[in-house]
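The values are calculated or read from the model by the stated rules, or taken from the named source; none is laboratory data. Remember, it's a predicted structure, so these values are computed and weren't measured experimentally. Note that we place each Cβ from the backbone using ideal geometry, even for glycine, and neighbour counts take in every protein chain shown.
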Ligand code: AP5
């Protein structure tokens, strides 16, 4: 099944995508993670993306679309994929349609995780991320079992550079500016489902699994 996760920063896209991807045995493709890997390895693309990310602005569509196109050409997507953080505007959504058309694929389900601003700020200012495997934790909500070490791989945990209140506010503004047209785009295609995402992670995941089970894998757009 080919799935897109929408939602504001901190709605839980990364957290839920990781669990859902394990459950469905399909890859979790996060443009944020792919961009951060490029920044960490100081690739040409990473150097270009770095300043946009630090400000909380969108990286230019052309760069992000190129990364996604390359990632979706991998053989591991044959049973499906979960896109997290892409598309973020109409130009990216249309570029994605083109990419998928070329590989005879289409989206089955778009899940929009709906979360409120106070919850988002609390989640992002307490988020911890594993340097090795990218797993997410939270200082209070989902603390790691061992102080500052990842439960899954033992990697070191860190706070993302863009998880400070000023940058979070910019990321939220950028998100709000683009989201309504994007939501409308997928609503028109009849594949959009909204999920309340302020609640406990397990409850949100259960709701997402239910929606996946109700979706007909053969109906792609
Ligand atoms: P990206 O990495 O995609 O960041 P984001 O969209 O801001 O989303 P987040 O990763 O912050 O939030 P999330 O929803 O994944 O929340 P999480 O699960 O971690 O993008 C970063 C930057 O890259 C962008 O600003 C932009 O510059 C660039 N970029 C990326 N994609 C791009 C694109 N397509 N085009 C252009 N530029 C692009 O959860 C957050 C915290 O809450 C965690 O600590 C978690 O443990 C906790 N938590 C999650 N769910 C729950 C719950 N239910 N209950 C309690 N705690 C919870």
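Residue by residue, here is whether (1) more than 12 Å from the ligand (Cβ to nearest atom); (2) under 17 Å from residue 5 (Cα atoms); (3) touching a helix residue (DSSP H, G or I) at 6+ places or on another chain (Cβ under 7 Å) holds:
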residue	(1), (2), (3)
62	no, no, no
104	yes, no, no
108	yes, yes, no
118	yes, no, no
122	no, no, no
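Which strands (runs of 3 or more DSSP E) does the range 123-221 wholly contain that include 3 or more residues that are within 24 Å of residue 49 (Cβ to Cβ)?
127-130
Might you check whether a residue that is at pLDDT below 95 and in contact with a helix residue (DSSP H, G or I) (Cβ under 7 Å, 6 or more places away or on another chain) occurs anywhere in the range 150-160? Checking the range 150-160: not a single residue is at pLDDT below 95 and in contact with a helix residue (DSSP H, G or I) (Cβ under 7 Å, 6 or more places away or on another chain).
Only one of 32, 85, 14, 56 is within 12 Å of the ligand (Cβ to nearest atom), closer than 20 Å to residue 181 by Cβ and within 12 Å of the chain's Cα centre (by Cα). Can you tell me which?
85
Against the criterion of being closer than 20 Å to residue 6 by Cβ and either modelled with pLDDT of 95 or more or surrounded by fewer than 15 Cβ atoms within 10 Å (Cβ to Cβ) (or both), residue 164 does not qualify.
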